[in-house]
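The values are calculated or read from the model by the stated rules, or taken from the named source; none is laboratory data. Computed from a prediction, not measured in an experiment: that's the story for all the values here. When we count neighbours, we look across all protein chains shown, and the Cβ atoms used for this are built from the backbone with ideal geometry, even at glycine. The protein model used for the area step is the full one, side chains on, heavy atoms only, and it has no ligands, DNA or RNA in it. Shrake-Rupley method; radii C 1.70, N 1.55, O 1.52, S 1.80 Å.
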Amino acid sequence: MNRDGSGISTVPRPLGGYTQHNFLMRAPYLGYLALTALVGSYGLAFALHGVEAPAPYLAPIGLMIITILWIMPEVERPPEQWIGRLVVGFLIALVGWPDYLALTFPGLPWISAIRLFGIPLMAVLTICWVGSPSFRAMMLERMTGDRLISGAMLAFFVICALSVVLSKDTSSSLNKFFVATMTWFFLFIAGIHYFATPGRVRVFANLMLSAVILSTAIGLYEWQFNALPWKDRIPWFLAVHSPQVDAILAGITRSATGVYRVQSKFSSSIGLGEFFGMALPFVLHLMTTTKSQSMRIMIALLLPFMFVVVLQTDSRLAFISFFSSLIIYILYAFIDRWRRRKDSLFAPAIVLIYPILLSSLIFASFFWRRLSVKVWGGGAQSFSSDSREIQVSLGIPKILARPFGYGIGQGADTLGYVAPGYDIVTIDSYFLAAALEFGVIGFLILYGLLAWAVVRSMQIALRAHNPDVIFLAPAAIGLANFILSKSIYSQTENHPLAFFLVGMVLVLLYRERREGEQGAVKRALAATNKSHGANRSVT
């Protein structure tokens, strides 16, 4: 209590000298005892049931986070500079590090390289979004680049969240939803911020080139030694002991032929093929747009080695993705050259005969035995084709029985298909998985969103002049290959890259529209000034 020099209290006393204390103020030890009992009961219940069903016990943490975000003051200088750094770290972890090599502690999820960058990235984006009105307004403005894409992405996020409520295994679906929020939706937002800076699309393309070189080198090593380079060399603190990881490290062979299938840092050879299909268009675009002759030669020398690895995956998807990237990008390149060089004769000639060449290639795929096996499959691939047909026949009735879905992450368990010779449920197609997990509406929104992003990207790329915006062409081809791969591949290891590309598409569409508006304003001002100048000269 403050006192003046006379020793008399200067603090005003309540009127009449009366005060009233609540129960906890009169007996604080009872409040401490009640809090101790509550925390102790929570800890005991979590110890008994938290591992099997952690979702209810995460509610206090979620409420605490929401409260902190609600009361957080505005931030004058949000930590935007960290977004780009964390995005690059996340991408390196995504395309350059095996996700199954992770730090493991008893009772905790794997601390993978993706989570080491993904969780801080999610935290920084949340702080910037909630704490900075200017950042939020800027991001919302960029999302107007294509309102259909941004609206569909928001709708798909809501459907993913609602699917947790509909899930028969809420805890498992909640965990899947958290991972999807971190690696899909927040990476989509991060892509909108990252690619708004000029020049970063080329940085991203160089990163894809580096990842392709790394995966090709690992694939060539596997081809020679029939084993991953890090097999039997994993330090104890990165070793994850699970049947799935053991199967990956043991290598993949096709049961019908016994041929070892290259997989690089991915969980399967199909995952490697899917990544090649998404990254190769950017590699080709670098080769055709770079001014460095040495880089062109390096990429040209890389492609044959990359094709060797594609063959060693023994995957139809890898083969088709590789050649579809080449075929579509070459067609785009000649159309673009024809548009920019009206005096060119070679470009229009190639474009006009391209349908004939493509038809001949498709015709040859039916009658040339080796090509037919690579494209349409043969005896060794018939098991996979038959399995997918069985899964579709099992899945469609379940989709019709519950068209709103069974919950994120529940596709395989809901389908209930166990392949002969295996003891776990599996699902091959993400088309089927998405329909089972998110329902018919979620399926249509997801693939409609991706298809629209492909169409809009190619439309704008064919008329754009900004070198950054022209990167919409390889983005469109990469997303088209991703859609194709999802028809036969249900794993989600490359989903973050796809959502990141959608963010790239959205912000590049915004940049193209803004540049067009600014150009129109400049032309109008120039016309006005010219008109005023003409009037003055007449006067």
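Quick rundown of the values:
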| quantity | calculated |
| --- | --- |
| Average accessible surface area per residue within the range 103-162, 1.4 Å rolling probe, Å² | 49 Å² |
| Reachable aspartates and glutamates, given that their alpha-carbon falls under 19 Å from the alpha-carbon of Lys231 and they are not under 8 places away in the same chain | Asp99, Glu222, Asp246 |
| Violating pairs (Cα-Cα greater than 28 angstrom) within the set Lys176/Lys265; Lys291/Lys486; Lys265/Lys486; Lys265/Lys291; Lys398/Lys486 | Lys291/Lys486; Lys265/Lys291 |
| Order of exposure, largest accessible area first, which applies to Val283, Val259 with probe 1.4 Å | Val259, Val283 |
| Chymotrypsin sites (Phe, Trp or Tyr not before Pro) restricted to the range 412-479 and DSSP loop, no more than 12 other C-beta within 10 Å | Tyr422 |
| For the range 129-283, projected area of the alpha-carbon convex hull averaged over all directions, nm² | 13.8 nm² |
| Values of log10 I(q)/I(0), in the order q = 0.09, 0.10, 0.14, 0.20 Å⁻¹, for the range 66-191 under a Debye, Cα-only, solvent-free model | -0.31, -0.38, -0.76, -1.33 |
| Accessible-area order (highest first, 1.4 angstrom probe) of the listed residues Tyr194, Tyr406 | Tyr406, Tyr194 |
| Accessible area expressed per residue, the range 253-333, with surrounding protein chains retained (probe 1.4 Å, Å²) | 35 Å² |
| Heavy-atom SASA rank of Glu141, Glu493, Glu74 (probe 1.4 Å, accessible area, largest first) | Glu74, Glu141, Glu493 |
| Share of carbon and sulfur in the accessible heavy-atom surface of the range 150-309 [1.4 Å probe, %] | 68 percent |
| Computed accessible area, Thr183, all protein chains, 1.4 angstrom probe, square angstrom | 10 Å² |
| Carbon plus sulfur fraction of accessible area for the range 484-525, probe 1.4 Å, in percent | 58 percent |
